[in-house]
Amino acid sequence: MTVFRMGEAAELLGISVDTVRRWVDAGRLTATRDEQGHRVINGADLAAFVRAQAAEPEDRDGSSARNRLRGIVTAVVKDSVMAQVDIQAGPFRVVSLMSREAVDDLALEAGSVVVAVIKSTTVVVEKSSATVGNRGRTSS
């Protein structure tokens, strides 16, 4: 069974440790104590909690895209035809290449709040071997 300390769970979710502690203290998220007395959260329980919190967007406008990352535009680089838009969505950097016309029509600039909608037929998943702390430790 994979378990996460409070700080590790917070880092994975891109939130503060205090928020995770409040959820546990309020009974919204279950934590137990490990051998050293640290509060830990079962990985399957954390995944179920996150799934329950992720409400489906109401206004998809008939789109089949499910991957939506809300973020802030950090940079826009335009030439005469194309543009690069850098977005910071939580801990994730997303880079979009689009026409300059689209950037101008959307009035995108650093500081704009946007939603990056990602539709891909290929998603590569790698199991993390380099962990922060001992994230994802297995308990017996």
| What is the helix-to-structure angle for 43-53, meaning the angle in degrees between its Cα long axis and the longest Cα principal axis of the chain, kept from 0 to 90 and rounded to the nearest 10? | 50 degrees
| said: Using only the alpha-carbon atoms, what does the chain span along each of its principal axes? Please give whole angstrom values in decreasing order. | reply: 61, 33, 30
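Gain in length, residue 69 to residue 89, computed as 0.36 nm per residue apart minus the alpha-carbon separation, to one decimal in nm?
Working: separation 20, 0.36 × 20 = 7.20 nm, distance 0.59 nm.
Net length gain for the segment: 6.6 nm.
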| task | Go through the stretch 1-80 and name the trypsin sites (Lys or Arg not before Pro) that are in a DSSP coil and have 12 or fewer other Cβ atoms within 10 Å of their Cβ. | result | 28, 60, 66
| message | Amide H of residue 112 versus every other amide H placed in the peptide plane: which residues, excluding those fewer than 5 positions away on the same chain, fall under 5 Å? | response | 73
| query | Which order results if 63, 96 are arranged by neighbouring Cβ count within 10 Å, fewest first? | reply | 63, 96
| remark: In deg cm²/dmol, rounded to the nearest 500, the helical mean residue ellipticity at 222 nm of the chain, built from -39500 (n - 2.57) for every DSSP H run of length 4 or more, is -7000 deg cm²/dmol
| Can you tell which of 112, 16, 128 shows the greatest fluctuation in a Gaussian network model of the chain with Cα springs below 10 Å? | 128
| What nm value, rounded to one decimal, do you get for the distance between residue 77 and residue 24 when each label is placed 7 Å out toward the C-beta? | 4.2 nm
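Rule-based calculations on the coordinates, nothing more; no lab input. Remember, predicted model here, so these are calculated numbers, not experimental data. In this analysis, Cβ positions are derived from the backbone assuming ideal geometry, glycine residues included, and neighbour counts consider all displayed protein chains.
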